[in-house]
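The next block holds one structure in the form of structure tokens; read it before the comments.
No lab work stands behind these numbers, since they all come straight from the coordinates. Please read these numbers as outputs of a predicted model, since none were measured by experiment. Neighbour counts run over all protein chains shown; Cβ positions are idealised from the backbone, glycine included.
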Amino acid sequence: MSVASVQTPTPISPHLDRVVGDQSSRLHLSPAGKQENDSSRLLGDSLSQKPNGDKESQENGQISEPEPNIKPLALVPPPPKSITQRAKDAAIVLNRYRIEYKDDWDFPESILHSQKQIQKALERGAPIELVIPAFPFKSSNRAKKVLGPLPDEAERLSLLHLNGLCLAIKDAADSDTYLTIVSDGITYNGVSDKEVWQYGQQLRKMAEQNNCHCIRFARICDLVGAEHESDKLDEALYLARVSEYRNLLEANTPSGFDILDAIANDSDISKTYKGYKKFLMSERDDRTGRSRSQTERENSGIAKAMIVRGKAFAETVKLKYPDFVRLSIHPSNDTAKVSITMLPQDNEIVMTPWHGAVVREANGRVSMSHAILVPAMTHDVIHVDGRPSYFRERSDVFDWPSMEVTFEYMYPCGIIIRPANPTSVYPLSMVDMQKVRTLAMTCSPVVLRGFSNTKDRRTFIAKAHDLGPVLPWKSGVIQEVKDESNNDPQSNSVVSAEAMPMHYDGMFKIITVKDEKTGKEKRVSDTPHFQYFVSQSAAQPGDGYTLFASSDLFARYLPQTYNINKLEKIKWTCRSHGFFHHIMEDIPLVVRHPSRNSPCIRWHQPWPRWRTAYGFADISIDNGSQSLIKLIDSLLFDRRVCLRFSWQEGDVLVSDNFAMLHTRTSFSTDHPRELWRIHTS
Ligand SMILES: [Fe+2]
């Protein structure tokens, strides 16, 4: 993400900044730099080191920690990361996308090898390159498995997920990163060559439409020494040459490759063979009256042929892209290739996008399923561009009387609601805010785009009352969030153009209550349930993002060692300086959602003095390892967890402030960015 007005951020030091007490009296204000707020500074050694086990403290509900290493507050930006550290941070990111990911320090051989490849690319000053054979064609079992022959919501989600992987590596390694997709459809039987071509063409279009700029596609002719045909390759030429391409590919089968020996002695091939047989059982049309044993014999032969062709294909990819990090869709022992998840899904066993259909549940879950298993009584097939695209659980929240609207899911979270016909513009006053409220509890942020009269003050306030009881601030019902060009370091950074720390609203809205156990008074958050915004004017595209991090997704991607049950015991302290100037202690890291009872993260990103011209904030963990700070920060900015939302003028947005955290990037003051916000309970 590049922002014209932003200075290139200097990475945070990989060591832990331990903060104890208020040391502000000993500090001098460092010159403030506008910072882009992303995850590039959040990875480091502390995440990739296995914690020391301390049985006693773990049993007492604490996550053990070493003796605190007290260091002074960060006054100046830390030095740039070394190439070695950048490569390691990129490897941590890649490791997190593995099918078998467990912990950040659990690097299999494939990740260690990838780290070396990445380091070499960084040393050469070259982009980091990844390659994956994938996206052959949509399953031929259209009766049971998928919704049609062309890419649909499953491929769209997958492309966004893979593009996010590249962006996350780019953040971590500070280097452009690209993934080359090599369709291996040519190597498999099942559908016609024409369908393989058309699927690939639609996939390319989809990547472009969804701004997946880090994804590249290789043509089959690029792999077999016919690169000169690449630019002029169209459907007719492809169909005319495909048999020749196939022969050229098969010529790359390693000499002496013995399929039976490979199945018996190579655990990855054995795993793939079993997977193929299982896949063929459900893939091949079973209405032709073959006996089960006959089908199994045939499938076994086909699976072996697929492996031989796959081996030739893999050799060809290796010859063509010797320095690329090799990814794979197939589960493996992560020795020679990195087996990654292809899209976010709550299934226990992962499914590739072309073997099933996406199912979105009303509770926010996303899974993959064979189409025939999705009950028609409870789920609708949603069409996009006139084609069936995914299943959505039936719910009143999608039923908007008197209005024809579309619902488009953003990645990795949130939904945009638009008038279905651009010529039918509906006023904000027509919107049922209770439906928006319900949807926001499982699918925040909810964006209303293309509605009229959204910027009108009276209408905006009236609809806030429809959303829920309005919670005014001292300054009034509406907080106008814009740059007020105030240079006083004691002023509120919310009304500046600076980036802000990741937080939930409530960190700065505090009430005093009596502690039931101790009887002492303490300060706690008075947390509003919903944030309700309208964009009065938007920054230029690519500037002034608001970032929303989902607690549901945060919990899904936690490492095994620090799962949500363990984090539920953690308490932390925030010492805010400047405008807010308060100390909040004993804050639970995880609270339960008031309606859903789902775990919700409570957090304020540490905000050192060098990052701000205004109030800084020190964060410490009360009863666990301080290394949790970096883990929490890095996961909240993880591309699988955090939406980078780009505003358009007139957008209305509702976000559940329990389920989500948020922050913003800095923005150029050349184009005034102004949001109005109201809190409701
Ligand atoms: Fe906020």
With only alpha-carbon pairs counted, each pair once and no self-pairs, how large is the Kirkwood hydrodynamic radius of the stretch 84-357 in angstroms? 19.5 Å
Please list 438-444, 657-663 highest first by mean number of surrounding beta-carbon atoms within 10 Å per residue. 657-663, 438-444
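Filter Lys205/Lys232; Lys520/Lys571; Lys88/Lys311; Lys435/Lys463; Lys116/Lys271; Lys145/Lys205 down to the pairs with a C-alpha to C-alpha distance above 21 Å, please.
Result: Lys88/Lys311; Lys116/Lys271; Lys145/Lys205 exceed 21 Å.
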Using a cut-off of 13 Å between alpha-carbon atoms, which aspartates and glutamates can reach Lys569, once sequence neighbours fewer than 8 places away in the same chain are excluded? Glu59, Asp586, Asp622
Give me the number: length gained by fully extending Trp400 to Phe257, i.e. 0.36 nm times residue separation minus the C-alpha to C-alpha distance, one decimal in nm. 45.4 nm
Once R0 is set to 22 Å, what does the formula 1/(1 + (r/R0)^6) return for the Cβ-Cβ distance between Ile349 and Arg292, expressed as a FRET efficiency to the nearest 0.05? 0.45
Tell me, what ³J(HN,Hα) does each residue in the stretch 234-250 have, in order and in whole Hz, if you take phi through Karplus 6.51 cos²θ - 1.76 cosθ + 1.60 with θ = phi - 60° and put x for Gly and Pro? 10, 4, 5, 5, 4, 5, 6, 9, 4, 5, 5, 4, 5, 5, 5, 5, 5
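Once you charge only the Cβ atoms, +1 for Lys and Arg and -1 for Asp and Glu, what is the size of the charge dipole of the chain about its Cα centre, to the nearest 20 debye?
Once rounded to the nearest 20, the dipole reads 560 debye.
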Straight-line reach check, Lys81, cutoff 16 Å on alpha carbons, 8 or more apart in-chain or any other chain, hits among lysines -> Lys120, Lys170, Lys630
Which residues' amide hydrogens lie under 5 Å from the amide hydrogen of Ala134, considering only partners 5 or more residues apart or on another chain, with H built in the peptide plane? Val182, Ser183, Asp184
Just name one of Thr663, Cys642, Ile632: the one whose Cα is farthest towards the positive end of the charge dipole of the stretch 624-681 (beta-carbon charges, Lys/Arg +1, Asp/Glu -1). Ile632
Among the stretch 441-469, those whose backbone N falls under 17 Å of a label point 7 Å along Cα→Cβ from Glu408 are 445-452
Among 293-299, 273-279, 175-181, how do they line up from the highest to the lowest mean number of other beta-carbon atoms within 10 Å? 175-181, 273-279, 293-299
Per residue of the stretch 151-161, in order, report the coupling 6.51 cos²θ - 1.76 cosθ + 1.60 (Karplus, θ = phi - 60°) as ³J(HN,Hα) in whole Hz, putting x for Gly and Pro. x, 9, 4, 5, 5, 4, 4, 5, 4, 5, 5
Label-point separation (nm) for Arg592 and Ser192, each offset 7 Å from Cα along Cα-to-Cβ? 5.8 nm
Distance in nm between pseudo-label sites at Ile372 and Arg387 (7 Å out along the Cβ direction from Cα): 2.3 nm
Positive-end residue, the stretch 84-357 charge dipole about Cα centroid, Cβ charges, pick of Val93, Gly148, Thr316: Gly148
Per-residue ³J(HN,Hα) for the stretch 547-562, Karplus 6.51 cos²θ - 1.76 cosθ + 1.60, θ = phi - 60°, Hz, x for Gly and Pro: 9, 10, 10, 8, 5, 4, 6, 4, 5, 5, 9, 5, x, 4, 5, 10
Extension gain Gln560-Glu227, at 0.36 nm per residue separation less the Cα-Cα distance, in nm? 115.4 nm
The correct pair for the chain, radius of gyration to one decimal and Dmax as a whole number, both in Å and from Cα atoms, is 26.5, 84
Per 0.36 nm of contour for each residue apart, how much would the distance between Lys102 and Ser300 grow if the chain were fully extended, relative to their Cα-Cα spacing? 68.0 nm
Taking 45 Å as R0, compute the FRET efficiency from the Cβ-Cβ separation of Val470 and His671 and round it to 0.05. 0.90
What order do you get for 585-595, 631-641, 304-314, 480-490 when each peptide is scored by the mean count of other beta carbon atoms within 10 Å, highest first? 631-641, 304-314, 585-595, 480-490
Charge dipole of the chain built from unit charges on the beta carbon (Lys, Arg +1; Asp, Glu -1), centred at mean Cα; most positive-end Cα among Leu589, Asn486, Phe548 is Leu589
